[in-house]
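Throughout, read-outs are computed from the coordinates displayed, never taken from laboratory work. Worth saying up front: this structure is predicted, and the values here are computed from it rather than measured. Neighbour counts are summed over all protein chains in view; Cβ atoms, including those assigned to glycine, are modelled from backbone coordinates with ideal geometry.
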Amino acid sequence: MNTPGESSLHDPISDPGREEMQQAIDALVALSGPRESATSRHLATEMITAIVRIMRDRAPIADQKMLTAAIKEFRYANLVFHPYAGIKKVCIFGSARTAEGDGNYQRAREFAEEIAKRGWMVITGGGPGIMAAANEGAGAERSFGLRIHLPFEAGSNPTLAEDPKLINFRYFFTRKIFFMKESHAFVLLPGGFGTLDEAFELLTLIQTGRSDIHPVVLLESPGGSYWQTWRSFLVKELLPRGLIDEDDLSLFKVASNLEEAVAEIEHFYSNYHSERYVGGRLVLRLHFLPGGRRLAELTDRYRSMITKGVIEAVPASPQEIEEDDFPELPRVALWFDRASFAMLRLLIDDLNSAP
């Protein structure tokens, strides 16, 4: 059943000729080849059908231009990222105004250099300041830049100026999608409105389940008070009013030093791999499976976020196997209360600490 406002692949187009149009769409999708999964063919049909409906609805030309540009940006960025799909990536946010002599510039460069040594790649906005420091630390080979064209901002930083992994975006929304969907962790250094926007949007997406849970680390130069002051604002102003819950503070970590920042990110993936929903149940893919006694303990500890049943080991579902969605990994599943994502972060921490 569709949710309100959501159209189905099979919703009729009332105009004459809809049957011929559907046949043409099906034929076009078939040209993608028989190797595509049934799910992929289904989604391709829905995408083409939606585009045809937009045209038939006589959407303004400006809207059609925006949609066309967004689809092109989405396709091109996917092509750039695809060869690196198996490599974990950390997104580094921070001010474009941070000067090279600033302690936060040095901290960003040091962090990026260290995480790159451990096999990670770095994603930044591709511009100056903290972005330049991070790309410089990681080096061009292990860097991506997602640049937005702004008339008042300098061009791309020297590390990525001629690199094919520098992607230019016209729209903030497509750029933000790729920051979120390609990153496995996030590190934020002090910045202005843009950095704070990225911090709050990132935490909002995780808190509401619009994004998978990722480690979010707040980092700055030694002796700085930026992030501790920011956290104090949350504790003093938001928490007493009930605008956030105590558990929400577990969605991020203020790191006191470089080693703590790196350890937070690596520990998050020491056992946990990824998540998805299958048949309404949340599935957590792992590197190793806790024993039955440990799963029973975790069920008792997190009972308030489990709507029914227990946390249990499950095999890969037929859907995951068809989509080649890490069917080789062990996994656990639970009926999850989708108002408890901060608590889910705590469960992931426990799974990472399981003997």
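Figures for the structure shown
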| read-out | value |
| --- | --- |
| Cα centroid separation, the range 68-112 to the range 165-238 (Å) | 13 Å |
| Percent of Cα-Cα distances greater than 19 Å, calculated over the range 272-353 | 30 percent |
| Phi to ³J(HN,Hα) by Karplus 6.51 cos²θ - 1.76 cosθ + 1.60 over the range 280-287, Hz, x for Gly, Pro | x, 9, 7, 10, 10, 7, 10, 8 |
| Proximal lysines to residue 117, defined as alpha-carbon separation beneath 18 angstrom and excluding residues fewer than eight positions away on the same chain | 88, 89 |
| Whole-Hz couplings from phi, Karplus 6.51/-1.76/1.60, listed for the range 226-242; x for Gly and Pro | 4, 6, 5, 5, 4, 5, 4, 4, 4, 5, 7, 10, 8, 4, x, 7, x |
| Sparsely packed trypsin sites (Lys or Arg not before Pro) within the range 196-304, loop by DSSP, other Cβ within 10 Å at most 10 | 241 |
| In the range 223-305, chymotrypsin sites (Phe, Trp or Tyr not before Pro) in a DSSP loop with at most 15 other beta-carbon atoms within 10 Å | 288 |
| Residue-averaged 222 nm ellipticity for the chain, from DSSP H runs of 4+ at -39500 (n - 2.57), nearest 500 | -13500 deg cm²/dmol |
| Under-5 Å amide H pairs with residue 89, H placed in peptide plane, nonlocal only | 121, 184, 185 |
| DSSP-loop trypsin sites (Lys or Arg not before Pro) across the range 322-355, with at most 12 other Cβ within 10 angstrom | 338 |
| Distant-in-sequence amide H partners of residue 275 (H built 1.01 Å from N, under 5 Å) | 285 |
| Dipole in debye (nearest 20) - the range 18-58, about Cα centre, beta carbon charges: Lys, Arg +1; Asp, Glu -1 | 120 debye |
| Label-point separation, residue 235 to residue 47 (7 Å along Cα→Cβ), nm | 4.6 nm |
| Per-residue ³J(HN,Hα) for the range 184-193, Karplus 6.51 cos²θ - 1.76 cosθ + 1.60, θ = phi - 60°, Hz, x for Gly and Pro | 9, 7, 9, 10, 10, 10, x, x, x, 4 |
| Residues listed by number, the range 180-209, amide nitrogen under 14 Å from residue 84 label point at 7 Å toward C-beta | 180-185 |
| Net charge of neighbours whose Cβ lies under 15 Å from the Cβ of residue 109, counting Lys and Arg as +1 and Asp and Glu as -1 | -4 |
| Whole-number D in µm² s⁻¹ for the range 210-355, Kirkwood Cα-pair radius fed into Stokes-Einstein, 25 °C, 0.890 mPa s | 146 µm²/s |
| Calculated FRET efficiency for the pair residue 118/residue 72, C-beta based, R₀ 22 Å, to 0.05 | 0.05 |
| Candidate lysines for bridging to residue 72, where Cα separation is under 21 Å - those fewer than 8 sequence places away on the same chain excluded | 165, 176, 181 |
| Cα-Cα pairs of the range 18-58 separated by more than 15 Å (percent) | 39 percent |
| Candidate aspartates and glutamates for bridging to residue 253, where Cα separation is under 18 Å - those fewer than 8 sequence places away on the same chain excluded | 197, 198, 201, 212, 220, 245, 264, 266, 349, 350 |
| Residue 165 long-range amide H proximity, modeled H, under 5 Å | none |
| Kirkwood hydrodynamic radius of the chain, Cα pairs, Å | 22.6 Å |
